Amino acid sequence: MDLRRLEIFAKVAELRSFSRAAEALFLTQPTISEHVRGLEEELGVRLLDRLGRGVAVTPAGDLLLGYARRILALAAETRQALEQFQGRMVGRLVVAGSTIPGEYVLPALVGQFKAKYPEISVTLLIGDSRQVAEWVEDTRVELGVSGALPGSRALEARALMADELVVTVSAAHPWGRRSVVALDEVKTEPLIVRERGSGSREALERALEAAGIDLDGFRVVGEMGSTQAIKQAVRAGVGISLISRRAVEDECRAGLLHCVRVKDLKIARSFYLLTHRERTRSPLAQAFVDFVESQTAAEPS
């Protein structure tokens, strides 16, 4: 099997589109179609069903996709190992991050890592904690950083750094000059929360459960799919929220938002480095793991 054909097939299968795969790989659509057709003829089985503007992966194609990802990952690992043997670090690393680490922690770390190894390229995918775990498990990415422990036994999770959720209000809110509020006061305010599946939502519900309280006892006025959207809603006076301290540090420092501690509730959590237990780590991925752990080791727990 030709590696290039496998790469093209995998891209079409992941994007569910010949045209989008062509754009991603900087090829023409006829070239993409020809490679996929050649692979189907070689294997004697239909891999993709053409459905007008899109495609659907057949059962045979789904089976091949799992192997293709592993083969392509091993090929990339081989190239990286040989480059490393010659004293160079090159290649492409795909890392996934859930919303908070993906938007507020990993970009700086990726930038520092890229400065150390200028010949590499790093792709950062951002999703919720469940998506990150799924991407690592199905080998779409080698590494993930999540705000929640994964449920799958196929994944290994190591705590990287600590985080906590704090009550965040607009600068004009009556609590704007306070440093501490009671939980009963929080219950009376309109509350905006993250969607189910996010690490922040899990951390909140877990802390409330430990305190014998249910989220239904709060005035939840909205659920939003990103912390950025929640921050904008809080600034607009829609309600208050419990947000990662890391995500609001800049706004609170600039006086755009205000952070308040809940004296009878502490919502602490960790960010976890996720890897697949059965996947051999590429030299580039191992270098990134070592770098991230060295940078976060000095952080207070």
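A short reminder: the numbers here are calculations on the coordinates, not readings from a lab. These numbers come from a predicted model, not from an experiment. Quick reminder, even Gly has a Cβ in these numbers, built from the backbone with ideal geometry, and neighbours come from all protein chains shown.
Per-structure values
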quantity: Computed FRET value (nearest 0.05) for ARG277 with LEU74, which takes r as the C-beta separation and R₀ as 22 Å; calculated: 0.85
quantity: In nm, spacing of pseudo-spin labels at SER294 and ALA24 (7 Å Cα→C-beta vector); calculated: 3.3
quantity: Residues whose placed amide H lies under 5 Å from that of LEU93, excluding near-sequence neighbours; calculated: SER121, VAL122, THR123
quantity: Rounded to whole Hz, the Karplus (6.51, -1.76, 1.60) HN-Hα couplings of region 95-111, x for glycine and proline; calculated: 10, 10, x, 6, 3, 5, x, x, 9, 10, 10, 5, x, 5, 5, 5, x
quantity: Neighbour count of at most 10 Cβ within 10 Å plus DSSP loop: longest GluC sites (Glu not before Pro)-free window in the chain; calculated: 120-277
quantity: Set of aspartates and glutamates with alpha-carbon distance to LYS116 below 19 Å, sequence-local pairs under 8 removed; calculated: GLU83, ASP290, GLU293
quantity: Total charge dipole magnitude, the chain, about the Cα centre, Cβ charges on Lys, Arg, Asp, Glu only, Debye to nearest 20; calculated: 400
quantity: Additional length obtainable on full extension of the chain from ARG50 to ASP250, 0.36 nm per residue less Cα span; calculated: 67.2 nm
quantity: Cα-based helix-to-principal-axis angle, 59-85 vs the chain, degrees rounded to 10; calculated: 90
quantity: Antiparallel bridges, percent of DSSP beta bridges restricted to region 163-267 (to nearest 5); calculated: 50
quantity: Volume of the Cα convex hull of the chain, divided per residue and given in Å³; calculated: 166
quantity: Spin-label pair ALA115/ARG153, simplified geometry with 7 Å Cα→Cβ offset, distance in nm; calculated: 4.4
quantity: Residue exposure sequence - ASP49, ASP163, ASP184 - by fewest surrounding Cβ within 10 Å; calculated: ASP184, ASP49, ASP163
quantity: Förster-model FRET efficiency, 41 Å R0, ALA210 and THR123, C-beta, rounded to 0.05; calculated: 0.65
quantity: Residues whose placed amide H lies under 5 Å from that of VAL220, excluding near-sequence neighbours; calculated: LEU191
quantity: Qualifying trypsin sites (Lys or Arg not before Pro) in region 183-275, DSSP loop, other Cβ atoms within 10 Å at most 16; calculated: ARG196, LYS263, LYS266
quantity: From phi via Karplus (6.51, -1.76, 1.60), per-residue ³J(HN,Hα) for region 52-58 in Hz, x at Gly/Pro; calculated: x, 7, x, 9, 10, 7, 6
